[in-house]
Amino acid sequence: MKTKYIFVTGGVLSSLGKGLSSASLAALLENRGLKITLMKMDPYLNVDPGTMNPFQHGEVFVTEDGAETDLDLGHYERFTNVNLKRENSITAGQVYETVIAKERRGEFLGGTVQVIPHITDEIKERIKRVSKDKEVAIIEIGGTVGDIESLPFLEAIRQFRFDVGEENVCFIHLTLVPFMGTSGELKTKPTQHSVQKLREIGIQPDFLLCRTDRILPPDIRAKIALFCNLQADRVVTAKDVKHIYEVPLVYYEQGLDEKVCKRLGLKTKSRGVENWAKIVQTLTSPKHGPIEIGIVGKYVDLTESYKSVSEALVHGAIANHCQINLRYIDSEKLEKADNLDILKGLSGILVPGGFGNRGVEGKIKAIRYARENKIPYFGICIGLQLAIIEYARHVCGLSKATSREFSTTGEFVIDLMEDQRRLEKVGGSMRLGSYPCNLMPNSQASKVYGKNKIVERHRHRYEFNNHYKKILEEGGITFSGMNPDSGLVEMMEITKHPWFVTCQFHPEFKSKPFLPHPLFVGFVRAALQMSATKSKEGKTKSIPMKKKSPFRAEARKGLA
Ligand code: GLN
């Protein structure tokens, strides 16, 4: 099989939506029955984004095989049926690491090791590896054309066109065409300059995707085409949209997938985009809501850090035909606040994954509020760990309950496992990727999933300490999901609560608009029910926080 390659680059400025454009084109090509894959090449020197601060880079997306990757891989998986692996996300750091390791092993036989050809060869090799057995590979190059860092990648794809034949390669460039309010004009100069930069290094784009706030009129497209050396019908409007799931529709209407297939000599027929139209229809005219869901975390100033979580909530909303509004709540602010007013009016509270002890007490306050006021609560990863700590402290009388991540003393209900402590010294003690989990029959979790065996993705270091299992169970916690091999806790819930479900894994990574994750569907449904009951009853009175635990000395005895 001859693989066709589509390279997507970006110009003018970052954040124009290259990832979404690549994912949308991939969806349209998949709709044509093509066997596709996607790849992201990031020009930074980190080996992977696992060590990067989410404030800088946004979310770290975890693949089935446990790779910590760029968040664009999340878009790729959500928009298509592909299941990506470690090799689908590469960085300059990885490429250099491999080349330097080869050099140390003497594999270059005394030659001078250089960016061209050694680094570029390694990049090309990786593109080929990922694309094996695929009909189309869409490869996105991170960064913006003109950056020093991305040059080796651009050089590699320039060479690639010659290596595999130009009939098998298509270059797509995403640029910006801003509308200047002062002169009332659409401006094409930034696009012209960006394409000039690309052509300087030998890449002539086949298609331009122009990000604008309006449909480009024919004269503007003709002007861009003239200055950028391509046909006007290959200048495509990438219009701003309200919902990201409209992007495939915008491109389909302009025949982008058809034109790309023609350019690559692929004879295919589209099955249409009814499926996407339906999703957008539900988003624009939902039957229920709006309801408000609170996301309590410390990265709320960069909501990209919670991309998969917020998307999975949208999928849950689509499945429930309901409009949800997200309220991002800064856990540090909550920690310092002397009242809980910023949580008022929420129909559901979610604590997503997080690291470190900053803002942790704020999250615990939110969890306690949700538990005591019977507001649906969904805890993910640290959201499970903190729910356990909260319950241990305020219900089971373990006032010093904590996690080894936050403190050096106390009752470590969340702890490092014995084998991890050894690994800790050499690094690499994270539990990453897919692990199986058995659900307790008749638990909330098993009802929501509709089955008792699941597999979910992980990204964490600490675990629930089974030493405290009995005391917490006696206090009213149900450990509804367990890893069958290690006996580690995967899910915990509070039965005497309308919906208090938490998980050690990250279900958000597996949710898609056409395959919403059951936990998000269940959570949004519970929030919707809660808001319906609330509006029937009128405003609920806040239940004051309990001071004393009903359950103390006797329970503690069980620990001795
Ligand atoms: N910091 C916690 C741990 O490492 C939770 C991680 C997470 O929420 N992803 O176990």
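Restricting attention to the range 453-466, which residues are in contact (Cβ under 8 Å) with a residue 24 or more places away in the chain, more than 10 Å from the ligand (Cβ to nearest atom) and either polar (S, T, N, Q) or not in a strand (DSSP E or B) (or both)?
Listed by number, the list holds a single entry, Asn465.
With crowded, with 23+ Cβ neighbours inside 10 Å, within 26 Å of Gly354 (Cβ to Cβ), in contact (Cβ under 8 Å) with a residue 12 or more places away in the chain and among the aliphatic types (A, V, I, L, M) as the only criterion, which of Leu38, Leu28, Leu73, Leu20 stands out? If you could, list the steps in order and put the result at the bottom.
Values: Leu38 fails: within 26 Å of Gly354 (Cβ to Cβ); Leu28 fails: within 26 Å of Gly354 (Cβ to Cβ); Leu20 fails: crowded, with 23+ Cβ neighbours inside 10 Å.
On inspection, the qualifying residue turns out to be Leu73.
Please count how many residues of the range 237-249 are in contact with a helix residue (DSSP H, G or I) (Cβ under 8 Å, 6 or more places away or on another chain), without any contact (Cβ under 8 Å) to a residue 40 or more places away in the chain and under 14 Å from Gly17 (Cα atoms).
Looking only at that region, the number is 4.
Could you check, for the range 371-380, whether at least one of its residues is within 12 Å of the ligand (Cβ to nearest atom), of a type in the set (D, E, K, R) and either at pLDDT 95 or above or surrounded by fewer than 21 Cβ atoms within 10 Å (Cβ to Cβ) (or both)?
There is no residue in the range 371-380 that is within 12 Å of the ligand (Cβ to nearest atom), of a type in the set (D, E, K, R) and either at pLDDT 95 or above or surrounded by fewer than 21 Cβ atoms within 10 Å (Cβ to Cβ) (or both).
So, in the range 405-424, of the ones that are within 16 Å of the ligand (Cβ to nearest atom), in contact (Cβ under 8 Å) with a residue 40 or more places away in the chain and over 27 Å from the mean Cα position of the chain (by Cα), which residue ends up surrounded by the most Cβ atoms within 10 Å (Cβ to Cβ)?
The selected residue is Val413.
Which residue, of Ile224, Ile203, is in contact with a helix residue (DSSP H, G or I) (Cβ under 7 Å, 6 or more places away or on another chain), part of a helix (DSSP H, G or I) and over 23 Å from Glu246 (Cα atoms)?
Just one listed residue meets the conditions, Ile224.
Hey, can you tell me all the residues within the range 113-143 that are among the aliphatic types (A, V, I, L, M) and under 22 Å from Leu29 (Cβ atoms)?
Keep residues of the range 113-143 that are among the aliphatic types (A, V, I, L, M), which gives 113, 115-116, 119, 123, 127, 130, 136-139, 141.
Ile127, Val130, Val136, Ala137, Ile138, Ile139, Ile141, listed by residue number.
For Lys259, are the conditions met, namely being assigned to a loop (DSSP other than H, G, I, E, B) and in contact (Cβ under 8 Å) with a residue 24 or more places away in the chain?
No, not satisfied.
His315 versus (1) within 16 Å of the ligand (Cβ to nearest atom); (2) in contact with a Ser or Thr (Cβ under 8 Å, 6 or more places away or on another chain); (3) part of a helix (DSSP H, G or I): which is the lone unmet condition?
Failed condition: (1).
Can you tell which of Gly383, Gly450 is within 16 Å of the ligand (Cβ to nearest atom) and touching a residue at least 12 places away in the same chain (Cβ under 8 Å)? Break it down into steps so the answer makes sense when it comes.
On the way: Gly450 fails: within 16 Å of the ligand (Cβ to nearest atom).
Exactly one of Gly383, Gly450 is within 16 Å of the ligand (Cβ to nearest atom) and touching a residue at least 12 places away in the same chain (Cβ under 8 Å), namely Gly383.
Check the range 48-67 and report whether any residue there is closer than 23 Å to Glu155 by Cα and surrounded by 14 or more Cβ atoms within 10 Å (Cβ to Cβ).
yes
Take Thr51 and decide whether it is under 26 Å from Arg459 (Cα atoms) and touching a strand residue (DSSP E or B) at 6+ places or on another chain (Cβ under 9 Å).
Yes: the conditions hold for Thr51.
So if I check each of Glu463, Glu456, Glu490, which one is buried (at least 20 other Cβ atoms within 10 Å of the Cβ), within 22 Å of Ser310 (Cβ to Cβ) and not hydroxyl-bearing (Ser, Thr, Tyr)?
Glu456
Among the residues of the range 389-404 satisfying the criterion of being within 12 Å of the ligand (Cβ to nearest atom) and of a type outside the set (Gly, Ala, Ser), which is nearest to Gln504 (Cα to Cα)?
Step one: filter the range 389-404 for residues within 12 Å of the ligand (Cβ to nearest atom), giving 389, 403-404.
Filter once more, so that each one left must be of a type outside the set (Gly, Ala, Ser): 389, 404.
Working: Ile389: 14, Arg404: 16 Å.
That would be Ile389.
For the range 336-362, give me each residue that is under 21 Å from the mean Cα position of the chain (by Cα) and either within 14 Å of the ligand (Cβ to nearest atom) or surrounded by fewer than 15 Cβ atoms within 10 Å (Cβ to Cβ) (or both). Before you say what the answer is, go through the steps one by one.
Filtering the range 336-362 down to residues under 21 Å from the mean Cα position of the chain (by Cα) leaves 348-356.
Leu350, Val351, Pro352, Gly353, Gly354, Phe355, Gly356 - these are the residues of the range 336-362 that are under 21 Å from the mean Cα position of the chain (by Cα) and either within 14 Å of the ligand (Cβ to nearest atom) or surrounded by fewer than 15 Cβ atoms within 10 Å (Cβ to Cβ) (or both).
The values are calculated or read from the model by the stated rules, or taken from the named source; none is laboratory data. Note that the coordinates shown come from a computational prediction; the quantities given were computed from them, not determined experimentally. Cβ: placed from backbone, ideal geometry, glycine included. Neighbour counts: every protein chain shown.
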